[in-house]
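The values are calculated or read from the model by the stated rules, or taken from the named source; none is laboratory data. Every value quoted in this text rests on a predicted model; they were computed, and no experiment measured them. Cβ atoms come from the backbone with ideal geometry, glycine included; neighbour counts cover every protein chain shown. Side chains are part of the model used for accessible areas, which takes the heavy atoms of the whole protein and leaves out ligands, DNA and RNA. Shrake-Rupley method; radii C 1.70, N 1.55, O 1.52, S 1.80 Å.
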Amino acid sequence: MTWLITGGAGYIGAHVARAMAEAGERVVALDDLSSGVPNRLPESIPLVRGSSLDGDLLKRVFAEHAVTGVVHLAARKQVGESVAEPTRYYRENVGGLATLLEAAAAAGVERFLFSSSAAVYGNPDVDLITEDTPCAPMSPYGETKLAGEWLVRAAGRTHGIATVCLRYFNVAGAAAPELADTGVFNVIPMVFERLTHDEAPRIFGDDYPTPDGTCVRDYIHVADLAEAHLAAARRLADGATGDLTVNIGRGEGVSVRELLTLIGEVSGDTREPVVEPRRPGDAPRAVASAALAAKELNWSARRDVREMVESAWEGWLLRHSGTQAD
Ligand SMILES: NC(=O)c1ccc[n+]([C@@H]2O[C@H](COP(=O)([O-])OP(=O)(O)OC[C@H]3O[C@@H](n4cnc5c(N)ncnc54)[C@H](O)[C@@H]3O)[C@@H](O)[C@H]2O)c1
């Protein structure tokens, strides 16, 4: 098989492309480089520069590389930006997916893996979020992921494409420092940025109904996430039919305060966090049930939160030492 990995020069996409290539899969990456970094990919992985919205380009890529499966990660992913620019998010995330599915169906592709998100659930009031927990996204970004899942399943049924939707929880860490996330949109890089500017980390609300009063999240190491993609791709390659939608998390909650303690230990900067008011829309707790992934993909996360923080910190130091060029 040859897998087309869209968004392959991105933070997660580069980890997925490398893990699949190292496991012996043939892969080709497509990326418009709007936030991707080409040198995250080794030279052995071909990188096509272009957009998932460009149907003619996709047609050529499917033909020239004899693509037989797709892993679709290319998307805009910032919640706040999606509130400010909802039409752009629908056009790029849902429109790009529709164009890609049409090209895939026309090329006779029979396997499709879609990068979804825990954002599809919104803020459910449950201990563990299962795949049956009702979806109620709270942002246009989350809506595009849920609409994307519907589209993937509908097109899969019509065109005989077997599909998997992976709902990632909070992705963190790096398999190597040069592969670290370059964005500052998640809590770990946000704290690193504060420390780098000689500022105390912030906690938004410490009066939630959680053990230490701070929000609880399920963090997943990006290297584990890449292995989940490989497991899902192998399931599809082995002839799975129909559709599967599955959470990708560790099934364990970590509070913001616990995370900050770990960051202090790893960075050596143990200054006391400042507590600020709650942010609107933050759920007290969002932790995955990881049972379905274990059953259907025979996959479970192996790396703990300390490994995520340590590897993210190494990436941050490399990036801020002035030696890495984007
Ligand atoms: N990072 C997270 O915590 C997280 C959580 C849940 C889901 N996701 C999803 O995972 C996927 C990858 O996220 P990431 O964190 O690696 O982000 P990223 O921004 O690093 O990667 C996205 C990549 O897609 C490329 N891209 C964007 N739009 C494109 C288009 N129309 N055509 C071609 N390339 C395009 C970008 O240049 C970038 O390289 C996204 O679909 C995102 O919604 C991420």
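Note on region 267-302: residues that are open to solvent by 50 Å² or more (accessible area, probe 1.4 Å), modelled with pLDDT of 95 or more and touching a helix residue (DSSP H, G or I) at 6+ places or on another chain (Cβ under 8 Å) amount to 4.
Among the residues of region 177-197, just one is out of contact with any helix residue (DSSP H, G or I) (no Cβ under 9 Å at 6 or more places or on another chain), open to solvent by 70 Å² or more (accessible area, probe 1.4 Å) and of a type outside the set (A, V, I, L, M), namely H197. Reported count of residues in region 159-198, each being away from the ligand (no atom under 15 Å from the Cβ), closer than 24 Å to L113 by Cα and in a helix (DSSP H, G or I), is 1.
Tallying residues that are near the ligand (Cβ under 9 Å from one of its atoms), of a type in the set (V, I, T) and open to solvent by less than 10 Å² (accessible area, probe 1.4 Å) within region 1-15 yields 1.
Number of residues in region 110-158 that are within 15 Å of the ligand (Cβ to nearest atom) and under 21 Å from V79 (Cα atoms): the value is 25. If a residue has to be out of contact with any Leu (no Cβ under 7 Å at 6 or more places or on another chain) and over 22 Å from L128 (Cα atoms) to count, how many in region 205-234 make the cut? The qualifying residues number 5. Of everything in region 144-164 that's among the small types (G, A, S) and under 19 Å from the mean Cα position of the chain (by Cα), which residue is least open to solvent (accessible area, probe 1.4 Å)? If we take residues in region 144-164 being among the small types (G, A, S) and under 19 Å from the mean Cα position of the chain (by Cα), then G148 is least open to solvent (accessible area, probe 1.4 Å).
For region 22-32, does any single residue satisfy the condition of being within 20 Å of G96 (Cβ to Cβ), part of a loop (DSSP other than H, G, I, E, B), near the ligand (Cβ under 9 Å from one of its atoms) and open to solvent by 10 Å² or more (accessible area, probe 1.4 Å)? Looking through region 22-32, at least one residue is within 20 Å of G96 (Cβ to Cβ), part of a loop (DSSP other than H, G, I, E, B), near the ligand (Cβ under 9 Å from one of its atoms) and open to solvent by 10 Å² or more (accessible area, probe 1.4 Å). Can you pull out the residues in region 33-76 that are within 6 Å of the ligand (Cβ to nearest atom) and closer than 21 Å to E227 by Cα? Once the filter is applied, which keeps residues that are within 6 Å of the ligand (Cβ to nearest atom) and closer than 21 Å to E227 by Cα, region 33-76 yields G36, L73, A74, A75. The listed residues are L236, L262, and the only one of them that is outside the structural domain of V164 (by TED's automatic domain parsing) and over 26 Å from D125 (Cβ atoms) turns out to be L262. Quick check on T158: is it over 30 Å from R278 (Cα atoms) and hydroxyl-bearing (S, T, Y)? Against the criterion (over 30 Å from R278 (Cα atoms) and hydroxyl-bearing (S, T, Y)), T158 qualifies.
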